[in-house]
Amino acid sequence: MSDTTALARLRDSDIWWSFRSSPITIVAAIVTIVFFLGAILAPWVAPYDPFDVKSLNLMDAFTPPVWAEGGNAQHLLGTDNQGRDVLSAILYGSRVSLMIGLAAIVLSVTTGVLLGLMAGFRGGWAEAVVMRLADIQLTVPAILIALTLDGVARVVLPKTVHDEIAIWVLVLSIGFAYWPQFARVTRATTLAEKNKDYVNAARIIGVPGARIALAHVLPNAWGPVLVIATIELALAVIAEASLSYLGVGMPATQPSLGTLIRIGNAFLFSGEWWIAIFPALALVILSLAVNLLGDWLRDALNPKLR
């Protein structure tokens with residue numbers, strides 16, 4: 001199939017029609033793309049490098065936004081207590097938050113889909129064990145699971161080592177907290193598909209069970225999994241921000257959005273409101289945009305709503 005034919009089919013598809021007929025979804029997509037591009041291109045588009053200690057000037061600390069009294073055109077959103085440009089810190093912080101969120105969701109999807117596929121296709125004790133583990137974990141808030149795993153890592157690892165691998169500790173903590181949703185959805189889809197004629201035909205001709213599950217059953221589960229992954233991405237970013245805000249996430253030397261909010265919270269009631277408010281607004285807008293995309297994708301992929 002040529003690229004031209006694929007693009008033509010996309011333009012004529014129900015999903016594209018649903019997307020272009022929803023102004024809210026278009027705005028949410030644009031906002032999400034802007035955040036991702038800003039995060040990816042932060043070293044080139046950020047006015048300053050907030051990680052470069054040599055470029056910081058304490059004389060610039062607590063500079064208000066450009067429109068406020070005492071503002072400076074060189075720092076559009078002001079500076080924090082160390083003289084770091086808030087706009088640059090948000091761009092770099094979004095980069096850290098999105099990287100952790102995406103990596104955590106990839107881990108959750110991989111773990112949950114494989115376990116759900118095994119539970120639904122094999123059944124028996126494998127299904128019982130996986131589903132009971134998922135049920136038990138779903139009774140505990142994801143943030144508590146992430147807090148527990150991060151706390152264990154802090155006890156086991158020296159502080160310097162933990163700070164160096166803080167990103168991967170958060171990825172493992174958040175990723176492990178969100179796998180049950182993917183496992184349950186994949187299992188439900190597998191149960192609906194495994195007794196259909198095309199699966200029985202594959203068994204008859206001797207196709208191995210693992211290949212049937214991965215090559216034939218799994219593709220039918222990607223729609224619901226993609227919807228959940230989009231929504232869970234926003235939750236993963238919020239979870240990272242919550243952990244960093246509580247002081248158990250990213251260190252101040254590698255600020256994420258949550259770390260920036262925690263740092264700014266100390267100055268919120270002393271008049272330097274912009275240090276916390278702007279990173280918080282960035283987090284809210286990013287999470288809202290991704291959630292709106294997830295809601296649209298859920299409706300667009302639901303054949304009952306077409």
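Just the Cα atoms of the range 254-306: what Rg and Dmax do they give in Å?
Calculated on Cα positions, Rg and Dmax stand at 16.9, 53 Å.
If you take the beta carbon distance between Thr160 and Arg122 as r and set R0 to 45 Å, what does 1/(1 + (r/R0)^6) give as a FRET efficiency, to the nearest 0.05?
The computed FRET efficiency comes out at 0.50.
When ligands, DNA and RNA are left out and all protein chains stay put, how many square angstrom of accessible area per residue does the range 165-282 have with a 1.4 Å probe?
Result: 43 Å² per residue.
Can you tell which of Met59, Gly71, Tyr48 lies farthest toward the positive end of the dipole of the chain, using +1 and -1 charges on the Cβ of basic and acidic side chains (Lys, Arg; Asp, Glu)?
Farthest towards the positive end: Tyr48.
Could you name the aspartates and glutamates in cross-link range of Lys194, using Cα to Cα under 17 Å and dropping any fewer than eight places away on the same chain?
Glu127
With θ set to phi - 60°, apply the Karplus curve 6.51 cos²θ - 1.76 cosθ + 1.60 along the range 179-193 and write out the HN-Hα couplings as whole Hz, x wherever there is a Gly or Pro.
3J(HN,Hα) across the range 179-193, in whole Hz: 5, x, 4, 5, 5, 5, 5, 5, 4, 4, 5, 5, 4, 6, 9.
Which order do peptides 293-300, 71-78 fall in by mean Cβ count within 10 Å, highest first?
Answer by packing, highest mean first, reads 293-300, 71-78.
Tally up the carbon and sulfur contribution to the accessible surface of the chain as a whole percent, 1.4 Å probe, everything protein left in place.
About 68 percent, which is the carbon plus sulfur part of the accessible surface.
Could you do me a favour and compute the accessible area per residue for the range 18-118, 1.4 Å probe, result in Å²?
51 Å²
Using a Gaussian network model on the chain with a 10 Å cutoff between Cα atoms, which of Leu191, Leu214, Leu114 fluctuates the most?
Comparing Leu191, Leu214, Leu114 in the GNM, the peak value goes to Leu214.
Check which residues have an amide H placed less than 5 Å from Asn72's amide H, if you skip close sequence neighbours.
Val66
Just to be sure I understand: with springs between alpha-carbon atoms less than 10 Å apart, which residue in Gly247, Gly112, Gly258 has the highest mean-square fluctuation in the Gaussian network model of the chain?
The residue that fluctuates most here is Gly247.
Which three numbers, in whole Å and largest first, are the semi-axes of the equivalent ellipsoid of the range 206-249 derived from its Cα gyration tensor as √(5λ)?
Output for the range 206-249: semi-axes of 36, 12, 4 Å.
What list of ³J(HN,Hα) values in whole Hz, one per residue of the range 131-148 in order, does the Karplus curve 6.51 cos²θ - 1.76 cosθ + 1.60 (θ = phi - 60°) give from phi, with Gly and Pro shown as x?
5, 5, 4, 5, 4, 5, 5, 5, 7, 10, x, 4, 5, 5, 5, 5, 4, 5
Towards the positive end of the charge dipole of the chain, with charges on Cβ (+1 Lys, Arg; -1 Asp, Glu), say which of His216, Ile167, Gln254 has the farthest Cα.
Value computed over the given set: His216.
Given q = 0.15, 0.17 Å⁻¹, what are the Debye log10 I(q)/I(0) values for the range 203-306, with equal point scatterers placed on the Cα positions and solvent ignored?
So the normalised log intensities are -0.74, -0.83.
Helix-only mean residue ellipticity at 222 nm, the chain, DSSP H runs n ≥ 4 weighted -39,500 (n - 2.57), per residue, nearest 500. What is it?
-22000 deg cm²/dmol
If you take the Cα atoms of the range 152-216, find Rg, then find the Kirkwood Rh from the mean of 1/r over all pairs, what is Rg/Rh?
Looking at the range 152-216, the ratio lands at 1.32.
Using every alpha carbon pair in the range 40-165, what percent of pairs falls into each 10 Å bin from 0 up to the bin containing the largest distance?
Cα pair-distance distribution for the range 40-165, in percent: 11, 24, 24, 20, 13, 7, 2.
Roughly what angle does helix 86-122 make with the longest principal axis of the chain, taking Cα atoms, 0 to 90 degrees, to the nearest 10?
Once rounded, one gets 20 degrees.
From the phi of every residue in the range 240-245, what ³J(HN,Hα) in whole Hz does the Karplus formula 6.51 cos²θ - 1.76 cosθ + 1.60 yield, where θ is phi - 60° and glycine or proline is x?
Here the 3J(HN,Hα) series is 4, 5, 5, 5, 5, 5 Hz.
Could you work out the local net charge near Ile100, counting Lys and Arg as +1, Asp and Glu as -1, over the other residues with Cβ closer than 14 Å to its Cβ?
-2
Name the residues whose placed amide hydrogens come within less than 5 Å of the amide hydrogen of Thr79, ignoring near sequence neighbours (fewer than 5 apart) on the same chain.
Placed amide hydrogens put Phe62, Thr63, Val86 under 5 Å from Thr79.
Give me the one-decimal Kirkwood hydrodynamic radius in Å for the chain, with the sum taken over alpha-carbon pairs.
The answer is 21.6 Å.
Please give the length that would be gained between Glu69 and Trp44 if that part of the chain were fully extended, namely 0.36 nm times their separation in residues minus their C-alpha to C-alpha distance (nm, one decimal).
Computed gain between Glu69 and Trp44 is 6.1 nm.
The values are calculated or read from the model by the stated rules, or taken from the named source; none is laboratory data. Note that this is a predicted model, so its numbers are computed, not measured. All Cβ positions, glycine included, derive from the backbone under ideal geometry; neighbour counts span all protein chains shown. Please note that ligands, DNA and RNA were not included when accessible areas were found on the heavy atoms of the full protein model with its side chains. Shrake-Rupley method; radii C 1.70, N 1.55, O 1.52, S 1.80 Å.
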